[in-house]
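Okay, so here's the structure we're looking at.
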Amino acid sequence: MSSFLLKQDSARASAVQLLSARRLIVKIGSALTADADTGEIRGAWLEMLVEDVVRFFARGQQVIIVTSGAVAVGSHRFGRLDRCLQMGERHAAAAIGQVQLMRAYEQSFKRRGFGVGQLLLTGEDIENQQRHADARSTFQQLLKVGAVPIVNENDATATAENCFGDNDRLAARLAQIVNADVLILLSNIDGLFTEDPHDNAFARLVTEVRCITPEIEAMAGDRAPHHSSGGMVTKLIAARIAMDAGCEMVIANGNKSYPLAAIENGGPSTWFVPFAKNERSPDAGTTVCRKPEGRPP
């Protein structure tokens, strides 16, 4: 018995999963928003993503965007990649890049008749009960008036004591706060592989995970290089948070035209199925991973 599936025909029916979701969170990695060599925002790609999001809104769904990229965009004012910046320089790069990033989102959505709202959060905003409640209220009001919430960690002031350090975990915690049905992590890889596909051509894509076991954790490898602050390690942490909250999560390659439509059309991806759904309809050959005693439903 296995806690994951490898056959594409036994994976989630992606279109059904996304169509049935009332509220979705889409997390976008830095490598997708910013060109690694120039630091320029990838405008053509962003336009296609926004088209996807608008299509979701048009059919009555709600979408919250969690976007990385501010530091990557702003760091080129200092003449080097963000991982080479000192803390003060990183804060300044975030302040510079966040303005450019939000302008790109705002203009793209405005051309399609939508407004946006920006939320810059830290770990304290998520973990403090009152701030947690305030954030949830803000999201509800933005969605009520038809504004697209766009979230990033507040990298201009974040410190080691109050930051997440990656937007994968931030997005998963937001999924808890707003009771999202699906969390989509758009990355520069198709999903979780049995081994690093860059090192092993025979690595296989895991299409569905029902339980995060040591075997699954071993597949994550190390943190990703360049602009990414997370990699597969933090994505599995995010998956555990989302699954515990009853939220499905999918990892997919965002380096495609209309990346959300690509998931709906059955493109390569890895789906993480929460515990409650495991117990309702486990597939043959899949381990049912039940919640430990004492966890809230």
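Every number here is computed from the coordinates shown, using simple stated rules; none is lab data. Here the structure is a predicted model, which is why all the values come from computation and not from measurement. When we count neighbours, we look across all protein chains shown, and the Cβ atoms used for this are built from the backbone with ideal geometry, even at glycine.
A few points about this structure:
- Distance (nanometres) between label positions extended 7 Å along Cα→Cβ at A15 and D244: 3.6 nm
- Rg of the Cα atoms in region 21-84, relative to 2.2 N^0.38 Å, amounts to 1.32.
- Shape analysis of region 51-186 based on the Cα gyration tensor places the equivalent ellipsoid semi-axes at 25, 19, 12 Å, largest first.
- Projected onto planes of every orientation and averaged, the convex hull of the alpha-carbon atoms in region 108-191 covers 6.9 nm².
- In region 18-174, Cα pairs under 8 Å separated by at least six residues give a relative contact order of 25 percent.
- Distant-in-sequence amide H partners of F193 (H built 1.01 Å from N, under 5 Å): V206
- Translational diffusion coefficient (Stokes-Einstein; Kirkwood radius from C-alpha pairs) of region 74-125 at 25 °C, 0.890 mPa s, in µm²/s: 195 µm²/s
- Between the amide H of A34 and those of R42, distances stay under 5 Å, these residues lying 5 or more places away or on another chain, with hydrogens modeled in the peptide plane.
- Amide N of region 91-128 lying under 16 Å from the label point, which is placed 7 angstrom from the Cα of A44 along Cα→Cβ: none
- Rg followed by Dmax, in Å, when region 51-106 is reduced to its Cα trace: 14.8, 45
- Additional length obtainable on full extension of the chain from R131 to N179, 0.36 nm per residue less Cα span: 15.6 nm
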